[in-house]
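Scroll down for the structure; my scribbles are underneath it.
None of the figures in this text is laboratory data; all of them are computed from the coordinates on show. Note that the coordinates shown come from a computational prediction; the quantities given were computed from them, not determined experimentally. Note that we place each Cβ from the backbone using ideal geometry, even for glycine, and neighbour counts take in every protein chain shown.
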Amino acid sequence: MTTTVLSTSVPITITVNGKVNHIQISPDLTVAELLQEELGLSGTKVCCGMGVCKACTVAFQRPGARRLDRIQACITPASVVEGGSITTVEGLASSPTQEALHPLQSAFLRHFSFQCGYSAPGFLMGAYILIDSLKAQPISKHQVDQVIEEHLGDHICRCSGYKRYHQAIKEVILATPGATRT
Amino acid sequence: MGEQPSRRQFIKQTTLGTTVLVVIQQTSAWVGGDQAQGQHSKTLGNSWIDAHGKAVYRFDGPAKVLGSKVYGRDFRAKDLVGWPQTEGFAHILRATKCDRPFLRLNSSALRDKLGCDPIITSGDLAPWNLKAPLPYWTPSPFVSIGGHPLYFGQPLAILFFRDLAAYRKAKPLLADLNSLNSFVQYGASSSPVADPRPPFGTSKFVNYLGDTGAAAKNADDLANKIRQELTFDPKKESTGSSLNKNWRIYQRSFETQSVDPMFMEPECGLGWYDSKTKKLSLTYGTQSPQDDLDGILSLLSGENAPKITKIQLNVCQPGGGFGGRDLSEFPILLALASVLQPDTTQRIVYSRSDQFQAGLKRHASQCALTLAVNQTPERFGKLEAIHSTTLLDGGGQNNYSFAVQNVGARNMTGAYDFARSLVESEARPSQSVPAGSMRGYGSLQAQFALECLVDEIASDLKLDPVDFRLKNLVPDHKPMHTGVVPAHKIPSRRVLEKIQESSLWKNRHNDQLQKSTADKLYGVGMALAVKSYGKSPGDTCLASITIAEEGAITLSTHSVDMGNGTATTLPLALFDILGRAADAVIMGDTDHFTPLSLEGPKAKDQIDQDRLAKNPRWVPSRSMSTAASAGAYQMRHPVVEAAKIIFQFSIWPAARALWGIPSSTQTEVPKEVLWKKGLLTYQGYRPLTWNELVKHIYKVDGITGVMVHSFYRSQWAQGTFSLVMAESTPSSPPKDSDKTAKQRSIQIPIDALALKNGKHSYQVVDRQGVEFPPFATLMQGANRYTPYGLVVAVEVQRSAGPQQGAIKIVAAEGYLECGTVIQQDIVEGQMEGAFAMGIGQTLLEDFAPAPDGPGQGGWNLHRYQVPLARHCALSQTKFTTLNAEPNEDPKGMAEVVLNAVPPAIANAIAHATGSRIRKLPVSAEDLKKGLL
């Protein structure tokens, strides 16, 4: 547990990647700023700063909720996530070893999904949230492409052309028990 | 170093060859690796490659999927060991008016409202007498007090904020353009005047039946002759007779727009100037580390400028580049901010809006293109002549514009053979945001015009577009219009034949009949792009391979992986030679090459070059920035050569000793000596492990590191070096008496060499002789080319309504001949990414013209549409690489795969609608006229 005191003061409690943080923050601090400047978690990327490109996507679990929501960390006030739990790209793997990678991380590597990689954390987290939702509401296998487009179609990548991101995500969805129905 | 060097000495020494610069590139690691300071690359082992020497994932991939700190934006002062923890912020205030002089800032109001202090303008910097960072740049990045801003977005001032809280507080006001402008006092507006600056660059290539007009007057005569022969008869509308009645003349005008590279990570970084030691430390992502540092030192070389004794640059992995981080002004501004606020860490963190306002752009272009085609039965459909006049908008700063227009002109004729050619090109200054060396490098603009008009001519002559192109290809080994003889066959024919076989192309007419409806028009178009790769002044490539005592191989190179995959492909180059890939890679590493002791200056002519070449440390160029298309061929070359030296002069002698083969009987490596499953094998001898060999090499003080510099300009420089093989028998300890020194003089395609023996440090090996490419090749340009063919199918909304004229890409097939493919996934990824980027260039991306363009501020992705997955027909695209000839070199390909996209889409639209596209981006409004 870490405690950080900032110059201005709104106390919040937020769990990030399983770690509880009691923090006093400026009321207008965004989730991205909280993660990057206060918690040292720079894996969540900021590109447009206005919620368009989705590079800053993180998974958010509201207090008491079972499922994950998507939030754009660059425009979401940190005060909004009070009491909830955030998962960032740094929290996907149980440890930084090849064996402990999340299946999405492994698939992104296997498919050479990214080039510069700056959009990769946003795609990873968007796909992570999608798979979480599919576990609650499985889809037919033939719907997978459409669902990926619906959920990740607004993510911007400038290098890759998207194809390999979608291939990797599709592969993981199809391999995830309970995400699709026959 | 001894005493403090004089300024002049210092500048001389701060190119390669001294210990002044320390450049560190973040590297990939499964564990750890979050500290910026120090070369912390961890050994990955060879788990990232398969048994065939192919990568199973990108070398830099693990760090990126784990969210490790690799980009400039990831780092804070607390991540950088030894840096001041006081972290201030600098913000660049920029000009939004160019029609009036900049008088002053309302500094007191700025301080009160924004909380910034100090505020630095050009007036404050005047005593430093700033020098131009590059010879062709303006001396100061800042608008002079009382002077007109040269361009929209030119820096007016640096505003300093004491900490993050103060900067955050000011951000809403900094983003409010009206509010911000109220602090800037301009003089009275004046009517627009022409930019007084001369063109940034001009090119003219003439070729009349093989005569390239060596004499200027002759060139002018030839040019006039071509102009006369191509005289257009306006009475004939689209085509007209010329003086030559056998020709049909097609004269068209084309326009392409400026776009933003829109790499995902806006520029950002940290700087720290230590006022006691005069050391400047910088951390950011760049494509051009050496040029950046030279530029900073030049800028601050005035007598009263702060002294710099050392620069440490932590080169981060760029979050995209595409040319936008090559000679960017960002490092200059970061350095200035650092020396202005010494003994603190200063951060400049561009927002996306800042990046749109300040970042390098693609040159907008206007091209007047005239082609003549023979209409006699004997030569029907043969292209006879070309005349192009291209104007590029270089924006406010000459950032590679001189080279971009030149490369565009060199690639103007594409794959085709013209008996008569007059290609003229000019880049001009303007008030737009500076344009740079964005992917395509001028050739995108050229090939859009050419491929659209070639397609139109084929259609007009009722010829199949592919057949027409096949008929007009440059024959093998024939000089291009520039006079350059390609170094190899350009396999355009193979690419076109593949297009002919593709289902999308073969079935286009039937598909059009079946898929066009009352609501939609379907069409298929193709384009063939041919792009040279390599730099006109020559390609300068550095690499070293160092083997640690425990066997791990570290590859160092000065080039930067900006996502194009060189951090993966370069270490793979070792596999066939050393039986394994590198275990660690350090990119952007410049200081490491100090032991080569390279010396300048640049030669002025052949006599000068011959004189300079007598100095065994002299090289034509010491370093160069990273260009995307130079990775596969040029940058790979020194890696391969270093590996070959290790194998021949270190591994082989060790193996021979371990196998008990007398050194006198086998000095050359027999071809039967092969790596099999990581073991070195030779008929009848026991296989040797890598670690066994390395252990022996260390025992005998054999070569454990090879560092090379190589230079390409139409051909590789060939150096002669004397190398020593150190040997001993395996059964005895390495006494001096056991060592057999075998000295051999060899010629290798490198021009500088340093070796590391055993645990010793690198020592330069003086060159005994050298054959540099003739000086005349300096003006010839690159002589290696890659062809790429693309077929695209589109649907155009026909029915009236808000969607009328909307264009949808529905399928594509691309065929690339890029020689030996080092890593299929990376090549295909480049093709896929270029396809998306090309769609953006063709259909989506655009700026309002000045004064409402990006330099005005306020631009972001809410008004600048880049392609999304839904624009790219993901499941209906297929990108194929053609098989290479045996032992064929890899070819550069990252740019050519972009160049074919705009004309292929435009030609598909023409097939669908009958409307020829000559202006980008294509708008629905433009198409509506043809659809109604």
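If the segment from B:LYS489 to B:SER47 were pulled out straight at 0.36 nm per residue, it would be longer than the present Cα-Cα gap by 155.4 nm.
Restricting things to Cα coordinates, could you compute the convex hull volume per residue of segment B:69-130 in Å³?
Hull volume normalised by residue count: 177 Å³.
With neighbour counts taken as other beta-carbon atoms within 10 Å, the residues B:TYR815, B:TYR400, B:TYR682 rank, fewest first, as B:TYR682, B:TYR815, B:TYR400.
The distance linking segment B:296-370 with segment B:760-793 is 28 Å (Cα centroid to Cα centroid, whole angstrom).
Cα-based radius of gyration for segment B:441-570, normalised by 2.2 N^0.38 Å, reads 1.56.
Suppose we take every Cα in the protein assembly as shown and form the convex hull; what volume per residue is that in Å³?
Details: hull volume 213.5 nm³, N = 1114.
For the protein assembly as shown, the hull spanned by Cα atoms encloses 192 Å³ per residue.
Considering only B:SER915, B:GLY758, B:MET707, and ranking their Cα positions along the charge dipole of chain B that arises from unit charges at the beta-carbon of Lys, Arg, Asp and Glu, the one farthest toward the positive end is B:SER915. Using equal-weight Cα scatterers in the Debye expression, the normalised intensity of segment B:343-398 in log10 at q = 0.18 Å⁻¹ is -0.80. Taking 16 Å as the straight-line reach from the Cα of B:LYS808, the lysines in range (excluding those fewer than 8 positions away in the same chain) are B:LYS515, B:LYS520, B:LYS928. Taking all Cα pairs closer than 8 Å and separated by 6 or more residues, the relative contact order of chain A comes to 21 percent.
For the Cα trace of segment B:634-705, dividing Rg by the Kirkwood Rh returns an Rg/Rh value of 0.97. About its Cα centre, the dipole of chain B is roughly 280 debye, where the only charges are +1 on Lys and Arg Cβ and -1 on Asp and Glu Cβ.
One decimal place: the segment B:THR309-B:VAL56 gains 86.7 nm when fully extended, by the rule 0.36 nm per residue minus the C-alpha distance.
Placing R0 at 60 angstrom, the Cβ-Cβ distance between B:LYS878 and B:ALA194 gives a FRET efficiency of 0.75 after rounding to 0.05.
Give me the net charge for the shell around B:TRP716: Cβ to Cβ below 10 angstrom, other residues only, Lys and Arg +1, Asp and Glu -1.
With Lys, Arg at +1 and Asp, Glu at -1, the neighbours total -3.
The alpha-carbon positions of chain B define a convex hull whose volume is 182 Å³ per residue. Under the rule a/c < 1.5 gives rounded, and otherwise a/b versus b/c splits prolate from oblate, where does segment B:794-835 land using the Cα gyration tensor? Taking the square roots of the gyration eigenvalues as a ≥ b ≥ c, segment B:794-835 is prolate. Taking the Cα atoms of segment A:138-179, the ratio Rg/Rh between the radius of gyration and the Kirkwood radius comes to 0.99. Diffusion coefficient (Stokes-Einstein, Kirkwood radius over C-alpha pairs, 37 °C, 0.692 mPa s) for chain A: 196 µm²/s, rounded to a whole number.
Here's the list of lysines a cross-link from B:LYS498 could span, going by alpha-carbon distance under 21 Å and ignoring same-chain residues fewer than 8 apart: B:LYS471, B:LYS489, B:LYS506, B:LYS531, B:LYS878, B:LYS891. Each Lys and Arg contributes +1 and each Asp and Glu -1, all at the Cβ; summed about the Cα centre of the protein assembly as shown, the dipole is approximately 440 debye.
How much of the calculated P(r) for segment B:143-195 lies past 12 Å, in percent of all Cα pairs?
76 percent
When you work out D = kT/(6 pi eta Rh) for segment B:731-850 at 25 °C and 0.890 mPa s, using the Kirkwood radius from C-alpha pairs as Rh and the Stokes-Einstein form, the result is 112 µm²/s. Looking at the protein assembly as shown alone, DSSP beta bridges between its own residues are antiparallel in about 75 percent of cases.
Work out the P(r) tail for segment B:261-393: percent of alpha carbon pairs separated by more than 26 Å, whole number. More than 26 Å apart: 42 percent of the Cα pairs in segment B:261-393.
Shape class of segment B:528-632 from the alpha-carbon gyration tensor: oblate, with a/c at 1.5 or above and b/c at least as large as a/b.
Normalising the average separation of contacting C-alpha pairs (under 8 angstrom, six or more residues apart) by the number of residues puts the relative contact order of chain B at 15 percent. Between the alpha-carbon centres of segment B:699-723 and segment B:842-881 there is a gap of 45 Å. This ranking places B:PHE183, B:PHE232 by how few other beta-carbon atoms lie within 10 Å of each, fewest first, which gives B:PHE232, B:PHE183.
Summing +1 for each Lys or Arg and -1 for each Asp or Glu among the other residues whose beta-carbon sits under 15 angstrom from that of B:ALA194 gives -2. Other residues whose C-beta falls under 13 angstrom from the C-beta of B:HIS477 contribute a net charge of 0, scoring Lys and Arg +1 and Asp and Glu -1. Across segment B:731-852, the relative contact order, built from alpha-carbon pairs under 8 Å that are at least six residues apart, equals 14 percent. For the pair A:LEU174 and B:ASP608, label points projected 7 Å from Cα toward Cβ lie 6.2 nm apart. In a reduced charge model with +1 at each Lys and Arg Cβ and -1 at each Asp and Glu Cβ, segment B:800-861 shows a dipole moment near 220 debye about its Cα centre. Binning the alpha carbon pair distances of segment A:24-83 at 10 angstrom intervals from zero yields the distribution 25, 54, 20, 0, expressed in whole percent. In this label model, A:GLN98 and B:LYS204 are separated by 6.0 nm, measuring between points 7 Å along each Cα→Cβ vector. Computed from Cα atoms alone, the Kirkwood hydrodynamic radius reported for segment B:71-202 is 16.7 Å. Over every pair of different alpha-carbon atoms in segment B:549-688, take the mean of 1/r and invert it; report that Kirkwood radius in Å. In segment B:549-688 this quantity evaluates to 17.5 Å.
Translational diffusion coefficient of segment B:817-884 (Stokes-Einstein, Kirkwood radius from Cα pairs, 20 °C, 1.002 mPa s): 149 µm²/s. With the cut-off at 1.5 for a/c, could you classify segment B:47-105 from its C-alpha gyration tensor as rounded, prolate or oblate? Taking the square roots of the gyration eigenvalues as a ≥ b ≥ c, segment B:47-105 is oblate. Here's the picture: charge each Lys and Arg Cβ at +1 and each Asp and Glu Cβ at -1 in chain B, and of B:SER544, B:LEU723, B:LEU300 the one pushed furthest to the positive end of that dipole is B:LEU300.
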